[in-house]
Amino acid sequence: MKWNFLKLFFALGLLIWLLLQSDLFKLYQIILQLSVGYVLLAFVILLLALIINAIKWYILLRQYNITTLFKLNLVGIYYSLLLPGQFFGEVIKAYRLGKGKQDAEQIAASVAIDKITGILGNMLVGLFGLYATSQILPSILVWTLSLAIIIFIMVLLTAQLLAIPLKRSFHYIIRLFPRTQLVMQQLENLLNAWLEYFKRPLLLLGSILLGIIFQLFNIGITLILAMNLNINITWIDFCWIITIVSLALFLPLTIAGIGIREGVFVSTLALLGVPTEQALALSFSVFGLSLATAIIGGLVELNQAHRLS
């Protein structure tokens, strides 16, 4: 509770500091430029993106229908905004779908693989944007993202190499502490499910490609809102901007990414000459769509809880 309070305090502090750096009246006028038509179009594209994301999960977990996975993704978004850090939403998804089921370990592995391929697709789109842009940007952006992708892949490969030693360690722990047998068996099942996915490279490639498509939809949403706010930035530049924003939101430092999202939008768009007020207006617009989606996810969760009761 105390930690959540500190995160909320930090989030509000960041947001207030950014607002103090801007002309609030000008910011208000810019936000008024948003038209209902543009916002609705962006929201429809967001729903399509979420359907693609459900299909992305479905190819990893074919025994469940796309509608179920789509609803769980909405619930995950709800908890990602409600709790500090996006990974909480992924944990809730795995728990909700796997509770009391024999394939719980495969479900957990599918959620992890789905997230990993999504992050990798996200970073690849961002790297493309950094190399394809006509803007003169700090070279550290390209090198940092390139290094992040290399490290990310190396960690995954290392995890594969450590799989057999890990299995042996599970058996060794069981011999020393027989009461841990159930937990160790579940961990081994999870590891086996994880390894099965890596035996199917075409499946992983398909998941990465769908992750790229999902990210391109997110870029299209931001581009539509930016156009409505008279921000003249190309879609190529939004490729790297949205990647940086997305990766920054993984940091569990604030509630719902408040403050971090705005700070990253302001700092990245400043490199392209976009005033603070316009950057903040775009950030608030993007957050507004995320909030609307989270509310829908909350309603889905409430409906499911009502059925169980």
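If contacts are Cα pairs under 8 angstrom and at least 6 residues apart, what is the relative contact order of the chain in percent? Dividing the mean separation by the residue count of the chain yields 35 percent. Find, among the chymotrypsin sites (Phe, Trp or Tyr not before Pro) in segment 207-280, those assigned to loop by DSSP (not H, G, I, E, B) with at most 15 other beta-carbon atoms within 10 angstrom. Hits after loop and neighbour filter: Phe250.
Let me confirm the definition first: pairs of Lys residues in the chain, 8 or more apart or on different chains, C-alpha distance under 17 Å. How many are there?
Working: Lys56/Lys71; Lys56/Lys93; Lys56/Lys115; Lys71/Lys93; Lys71/Lys99; Lys71/Lys115; Lys93/Lys101; Lys93/Lys115.
Pairs that pass both the separation and distance tests number 8.
Dipole magnitude for the chain: computed about the Cα centre from +1 point charges on Lys and Arg Cβ and -1 point charges on Asp and Glu Cβ, it is near 1020 debye.
Between the Cα long axis of helix 2-20 and the first principal axis of the chain there is an angle of about 20°, rounded to the nearest 10. The 3J(HN,Hα) values that the Karplus relation (6.51, -1.76, 1.60; θ = phi - 60°) gives for segment 143-148 are, in residue order, 5, 5, 5, 4, 5, 4 Hz. Gly and Pro appear as x. The trypsin sites (Lys or Arg not before Pro) found in segment 10-72 that occupy coil by DSSP, while having at most 12 further C-beta atoms within 10 Å, are Arg62.
Tell me the Kirkwood radius of the chain: reciprocal of the mean inverse pair distance over distinct alpha-carbon atoms, in Å.
Values: mean 1/r = 0.0477 Å⁻¹.
That comes to 21.0 Å for the chain.
Only the coordinates and a few stated rules stand behind these numbers; no lab work does. Because the structure is a prediction, the values reported are computed rather than measured. With ideal geometry, Cβ positions are generated from the backbone for all residues, glycine too; neighbour counts draw on all protein chains shown.
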